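A short write-up of the structure that comes next.
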Amino acid sequence: MDSWLQLQVSPALVAGLDALGYKEPTFVQAQIIPLALAGRDVIVQADTGSGKTAAFAIPLCERLKPDLPLPQALVLTPTRELAVQVQEEIAGIGRFKQIRTLALYGRQPVARQTDRLKQKVQVVVGTPGRILDHILRGNLTVRDIRMLVLDEADRMLDMGFLEQVGAILEQLPAVRQTLLFSATMPESIRELAARFMAEPAWVQVEAERPAAAVIEQGCCLVSAEQKDRLVEDWLCACHPASSLLFCNTREHAAALAATLVQKGYPCAVLHGGMEQRLRLDTLDRFKRGLVPHLVATDVAGRGIHADDVELVISCDVPEEKENYIHRIGRTGRAGKSGRALLLVTPEELPLLERLEAYLGYAIPRLEPPAADAVEAGRALLACDAGAREVREQLVSKLRINGGKQKKIRPGDIVGAITSLEGVAAADIGLIDVQETCAYVEILGGKGQVVLDGLAEKPIKGRLYKVKMV
Ligand code: ADP
Ligand code: MG
């Protein structure tokens, strides 16, 4: 804890960091926090999994004035999933300073977000389209924004987002601190960024053990027809407790996931074509270890953190070479090791060549895994799947017949449930309070106990009908 205090982090934030299990700063945090606390504009390039989020979240929370009613900090991210993850981390760090945060992203009702914006929110995290929308509608007042962060900055400033980000920049006060973070930062982006920053410090943080050294990489040649079969073979041969399988397109991701599910592997799919609730739900289940393998497009490529992803397979060579770095960076995080495999068809060889030129090293070529290793692993994965199914059955979902209209908040539900005999906060999973009802997941096979208990336990002074769904 001393090392946080030495960095001039205040005790309230140190308490939040402690609760998150952040005992001491990571290398990048130790480098960046003093600069950012001094008010400097900074462009930071540092490895995947090195702790960049807290490197901006801490100074941001530190420099906020808790009694000002308007938003003072804005964080832009490329995906909705990342907006939620970053917002949660800022909320966690700022918990004991009562910092109020909000994530704003597309495909969630605008009206609901507008209501939340009316409450005193100090930090807004979101995707550019929706943020711009709220600014232009006059829902999000940016007059007091003193800090702007672009997470995954090179992505935020590439063709896809530049126009929207530019339009947001035009609305923000000129006097502000601007911080840019990414694991990849092409020269052109740095030049572009310097135009809307004030004498930015450019910091490239060289870790002692860079991600490329922590992650064991390999690539394997395969025909297009045999590709999905080879994915399965590698999955078996490595039998990871958790893996992320990246595809270039939604169609490939969906088809591969369907094949794997049909063969009995416990996996889920995540891509941009899915309904937003399902996207967030799926990622949440993956992060909590309820589903061990996730087939995804690059929506899960940048910034997303799940503990202990042991294996990443790039089932296609990414079209954007930077995305390779981000994909493999989902493993080997926070000091852990990891393995990353790339499958390459003859048609993809030119892409591989370009990628290796960019990386500056050749990815070691691998033979397909040996048949006996595949068979042994297949048996192990089948056991895992069986055990998991039993555990899955231990999760139940309850529907409570009252929601926001009755002024029920998640805390009220937690309070009622934890007051039941033999049920602890750790037995409660996701809580989703909607207008007229609320859903809560109960873990550890205690669904029935809670169901029975809530029949006689008032929530906010009133009994509600509860049923298992
Ligand atoms: P990056 O943005 O650099 O890819 P993240 O900010 O997502 O990395 O952090 C990677 C992981 O390290 C996360 O699980 C985060 O909770 C954890 N982490 C960050 N800072 C610390 C710290 N000071 N101590 C321990 N764990 C940390
Ligand atoms: Mg990050």
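The values are calculated or read from the model by the stated rules, or taken from the named source; none is laboratory data. Please read these numbers as outputs of a predicted model, since none were measured by experiment. Glycine gets a Cβ as well: all are built from the backbone with ideal geometry, and neighbour counts include every protein chain shown.
From the list 296, 370, 340, 362, the one residue that fits, being within 16 Å of ligand 1 (Cβ to nearest atom), closer than 24 Å to residue 237 by Cα and touching a helix residue (DSSP H, G or I) at 6+ places or on another chain (Cβ under 9 Å), is 340.
When residue 65 is tested against (1) out of contact with any strand residue (DSSP E or B) (no Cβ under 9 Å at 6 or more places or on another chain); (2) within 13 Å of ligand 1 (Cβ to nearest atom), exactly one condition is not met: (2). Flag: residue 150 matches the condition of being crowded, with 17+ Cβ neighbours inside 10 Å, within 16 Å of ligand 2 (Cβ to nearest atom) and either among the hydrophobic types (A, V, I, L, M, F, W, C) or not assigned by TED's automatic domain parsing to the domain that holds residue 62 (or both). Of all residues in the stretch 425-447, those satisfying the criterion of being at pLDDT below 85 and surrounded by fewer than 12 Cβ atoms within 10 Å (Cβ to Cβ) are 425, 426.
Each row is one residue, and each column tells you yes or no for (1) in contact with a Pro (Cβ under 7 Å, 6 or more places away or on another chain); (2) more than 30 Å from residue 336 (Cα to Cα); (3) of a type in the set (A, V, I, L, M, F, W, C).
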{"position": "135", "(1), (2), (3)": "no, yes, yes"}
{"position": "162", "(1), (2), (3)": "no, yes, yes"}
{"position": "173", "(1), (2), (3)": "no, yes, no"}
{"position": "183", "(1), (2), (3)": "no, no, yes"}
{"position": "187", "(1), (2), (3)": "no, no, no"}
{"position": "197", "(1), (2), (3)": "no, yes, yes"}
{"position": "201", "(1), (2), (3)": "no, no, yes"}
{"position": "204", "(1), (2), (3)": "no, no, no"}
{"position": "208", "(1), (2), (3)": "no, no, no"}
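Checking the stated criteria, residue 387 turns out to be surrounded by fewer than 18 Cβ atoms within 10 Å (Cβ to Cβ) and either modelled with pLDDT under 95 or of a type in the set (Phe, Trp, Tyr) (or both).
Could you tell me whether the stretch 329-344 includes any residue that is part of a helix (DSSP H, G or I) and either surrounded by fewer than 21 Cβ atoms within 10 Å (Cβ to Cβ) or within 16 Å of ligand 2 (Cβ to nearest atom) (or both)? Checked against the condition, which is being part of a helix (DSSP H, G or I) and either surrounded by fewer than 21 Cβ atoms within 10 Å (Cβ to Cβ) or within 16 Å of ligand 2 (Cβ to nearest atom) (or both), the stretch 329-344 yields no hits at all.
Of all the residues in the stretch 23-50, those that are in contact with a helix residue (DSSP H, G or I) (Cβ under 8 Å, 6 or more places away or on another chain) and either surrounded by 22 or more Cβ atoms within 10 Å (Cβ to Cβ) or hydrophobic (A, V, I, L, M, F, W, C) (or both) number 15. Here residue 185 passes the criteria (1) part of a loop (DSSP other than H, G, I, E, B); (2) away from ligand 2 (no atom under 16 Å from the Cβ); (3) farther than 30 Å from residue 369 by Cβ; (4) touching a helix residue (DSSP H, G or I) at 6+ places or on another chain (Cβ under 9 Å) except the one numbered (2). Looking only at the stretch 215-239, which residues are in contact with a strand residue (DSSP E or B) (Cβ under 7 Å, 6 or more places away or on another chain) and either closer than 17 Å to residue 261 by Cβ or assigned to a helix (DSSP H, G or I) (or both)? Scanning the stretch 215-239 gives 227, 230, 231, 234, 235, 238.
The number of residues in the stretch 259-283 being assigned to a helix (DSSP H, G or I), away from ligand 1 (no atom under 15 Å from the Cβ) and of a type outside the set (Lys, Arg) comes to 9. For residue 45, the stated conditions hold: it is in contact with a Ser or Thr (Cβ under 7 Å, 6 or more places away or on another chain), within 15 Å of ligand 2 (Cβ to nearest atom) and on the phi < 0 side of the Ramachandran plot.
Considering (1) surrounded by 15 or more Cβ atoms within 10 Å (Cβ to Cβ); (2) over 19 Å from residue 42 (Cβ atoms); (3) under 27 Å from the mean Cα position of the chain (by Cα), the lone condition that residue 221 does not fulfil carries the number (3).
Residue-level check: of (1) under 17 Å from the mean Cα position of the chain (by Cα); (2) in a loop (DSSP other than H, G, I, E, B); (3) surrounded by fewer than 18 Cβ atoms within 10 Å (Cβ to Cβ), residue 69 misses just (1).
One residue is enough: does the stretch 230-251 have a residue meeting the conditions in the same structural domain as residue 50 (by TED's automatic domain parsing) and on the phi > 0 side of the Ramachandran plot? Looking through the stretch 230-251, none of the residues is in the same structural domain as residue 50 (by TED's automatic domain parsing) and on the phi > 0 side of the Ramachandran plot.
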